[in-house]
Amino acid sequence: MSTLSVELNGDAVHSIRAPDRFESTGPFAVALENAGRSTHVHLHFDDDLDRVVSVAETNHFVEDEATRRVHVSVGDVTEPAHGKLKIVTGYGSETQYVDLRIDSPEDATPDEVTVDEAFTKPPERPPEPAPSQRAANAVDRLIERGGVAGAIAAFLALAAGVAVALALDSAVVSVVVAVVLTVSLGAALLAAW
């Protein structure tokens, strides 16, 4: 249910602050929000609106700093109804008018959202690339990131290490070169991924 908010006694005694216009497609409430001392409020619908809307009472007492909600009933509306709601406080000392428009429920735009069927299913994931394709992508990224010079230097260092291990024919040097080769290759792959 929509609500028309009306502030009372906000700026001064008996002052009224309400929107210039309000629209509804059915019953609604007028929220009389009192920001000051207790007051009497009179609500009146002009003749054009009086044929489709009604309130149980036209005079309302709103206590100090309280809110009173007034239910406005709406009859069968076959075509839009326009008119003014007159709000009076201080026994006629202050008056405010709100332009009201009451539309038939069929004229109202629906509040529901239409969801495309494609959004009800999880998105399809592309298949994982083959290992050869992943290696080719890693080389492409290595070139794009400027890692070619580092890769060449690592290859030359590796070749020099293997040459030294072969020349010395030492098991300890061969193990150290293998460990360095494994760590370097792993770091290069991680950097390229």
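The values are calculated or read from the model by the stated rules, or taken from the named source; none is laboratory data. This structure is a prediction, so every number in the text was calculated from the model and none was measured. Methodologically, a virtual Cβ is constructed for each residue, glycine included, from the backbone with ideal geometry; neighbour enumeration extends over all protein chains shown.
Listing for the model above:
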read-out: Residue that is surrounded by the fewest Cβ atoms within 10 Å (Cβ to Cβ), among those in the range 64-97 that are outside any loop (DSSP other than H, G, I, E, B) and among the small types (Gly, Ala, Ser); value: GLY92
read-out: Residue count, the range 29-41 (criterion: farther than 12 Å from VAL6 by Cβ and part of a strand (DSSP E or B)); value: 1
read-out: Single condition LEU8 does not satisfy, out of (1) over 12 Å from VAL88 (Cα atoms); (2) surrounded by 15 or more Cβ atoms within 10 Å (Cβ to Cβ); value: (1)
read-out: Flag for HIS44 being more than 15 Å from LEU8 (Cβ to Cβ), modelled with pLDDT of 90 or more and not hydrophobic (A, V, I, L, M, F, W, C); value: yes
read-out: Only one of ALA163, ALA153 that is of a type in the set (A, V, I, L, M, F, W, C), in a helix (DSSP H, G or I) and at pLDDT 75 or above; value: ALA163
